[in-house]
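The values are calculated or read from the model by the stated rules, or taken from the named source; none is laboratory data. Worth saying up front: this structure is predicted, and the values here are computed from it rather than measured. Cβ coordinates were reconstructed from backbone atoms using ideal geometry, including for glycine residues, and neighbour counts include every protein chain displayed.
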Amino acid sequence: MPPRTGADLLRLWDAGQDQGPLERALALLRAGDGGAEADGGEANPPDGANTSLAPSALEDLDVAARDARLFRLRAELFGPTLTGVDACPHCGAPAEFALDTSALVASPETAHALRATEQGIDLRFRLPTTRDLLVALEEDEDAAGALARRCVLSAERAGDPLSPSSLPAEVLAALERRMGEAAPTAEVRLHLACAGCGGSWERLLDIARFLWDEIATEARRLAGEVHALARAYGWGEAEILGMSARRRQLYLELV
């Protein structure tokens, strides 16, 4: 189940301190997933948004399905409206933004095998997964090319098969664009404007990173509450976090 208490959220934050961004994304997926049955199967029928997967299978969700689950977890924890601040690249002034994520929480219907033709080469490919991203990052050079090659199911020129490793860089770059077109919800772009200088720009929203930053902020807030109440009353962390947020706020006001 998603983190339901302050203690759950602090444990999630604590466990992620020694993890990289992709490992944190997987930790968030596990936290938001309903939990698989002991045999590794699905705990619920595959009805889209509520399908529960075995932990190892979460790595093999394509990025569109993965991010839909993260948007859903974010809505459960903090509500459907995502708000934030970005610095204007023209003048440096802060620009606030808000995004209604209601349309992003549903898992998209994506075919397992997609097709494209680039420079006379017929390609069958799939969308990348978190496992693909982890492997591609281990490449010393050209992680993007390594990622695209991993997602090629088959390649042919005039009926003759080609090895993914032999595909030109231009074809791999075109394939990356095709992947983005096939899964638009996996590349959510914010269109921002600066009230100060009138400048405009786009920013790619990385929901895994954004959600982790929100969780870290909430963890620090909770730690501050524990610190204040422990000093004032001598209560332990578990006792304080076991209270409802309303009761903690009442005691904080008395302090």
The stretch 141-171, residues that are in a strand (DSSP E or B) and in contact (Cβ under 8 Å) with a residue 12 or more places away in the chain: V152, L153, S154, A155, E156, R157
- prompt: If a residue has to be surrounded by 14 or more Cβ atoms within 10 Å (Cβ to Cβ) and not charged (D, E, K, R) to count, how many in the stretch 145-167 make the cut?
  reply: 10
task: Name, by its number, the condition in (1) out of contact with any strand residue (DSSP E or B) (no Cβ under 9 Å at 6 or more places or on another chain); (2) of a type in the set (D, E); (3) exposed (fewer than 12 other Cβ atoms within 10 Å of the Cβ) that does not hold for E170.
output: (1)
task: Could you name every one of the strands (runs of 3 or more DSSP E) located completely within the stretch 76-122 that has at least 2 residues being in contact with a Phe, Trp or Tyr (Cβ under 9 Å, 6 or more places away or on another chain), under 18 Å from L211 (Cα atoms) and in the same structural domain as R209 (by TED's automatic domain parsing)?
output: 81-87
task: Exactly one condition in (1) surrounded by 20 or more Cβ atoms within 10 Å (Cβ to Cβ); (2) at pLDDT 85 or above; (3) within 18 Å of A219 (Cβ to Cβ) is not met by P3; state its number.
output: (2)
query: Here are some residues: R178, R126. Which one is in contact with a Cys (Cβ under 6 Å, 6 or more places away or on another chain), among the basic types (K, R) and either in contact (Cβ under 8 Å) with a residue 60 or more places away in the chain or not assigned by TED's automatic domain parsing to the domain that holds L10 (or both)?
result: R126
- request: Take P80 and decide whether it is free of Cβ contacts under 8 Å to residues at least 12 places away in the same chain and in contact with an Asp or Glu (Cβ under 9 Å, 6 or more places away or on another chain).
  value: no
- prompt: Can you spot a residue in the stretch 230-240 that is touching a helix residue (DSSP H, G or I) at 6+ places or on another chain (Cβ under 6 Å), loosely packed, with under 12 Cβ neighbours inside 10 Å and either farther than 22 Å from L29 by Cβ or of a type outside the set (G, A, S) (or both)?
  reply: no
statement: Counting only residues that are surrounded by fewer than 20 Cβ atoms within 10 Å (Cβ to Cβ) and under 24 Å from the mean Cα position of the chain (by Cα), the stretch 113-125 contains a total of 2
- prompt: For the stretch 53-74, which residues satisfy the criterion of being of a type outside the set (A, V, I, L, M, F, W, C), more than 9 Å from the chain's Cα centre (by Cα) and either buried (at least 22 other Cβ atoms within 10 Å of the Cβ) or assigned to a helix (DSSP H, G or I) (or both)?
  reply: P55, S56, D62, R72, R74
field: Only one of T110, T81, T129, T101 that is at pLDDT 95 or above and either over 23 Å from M179 (Cβ atoms) or surrounded by 16 or more Cβ atoms within 10 Å (Cβ to Cβ) (or both)
entry: T81
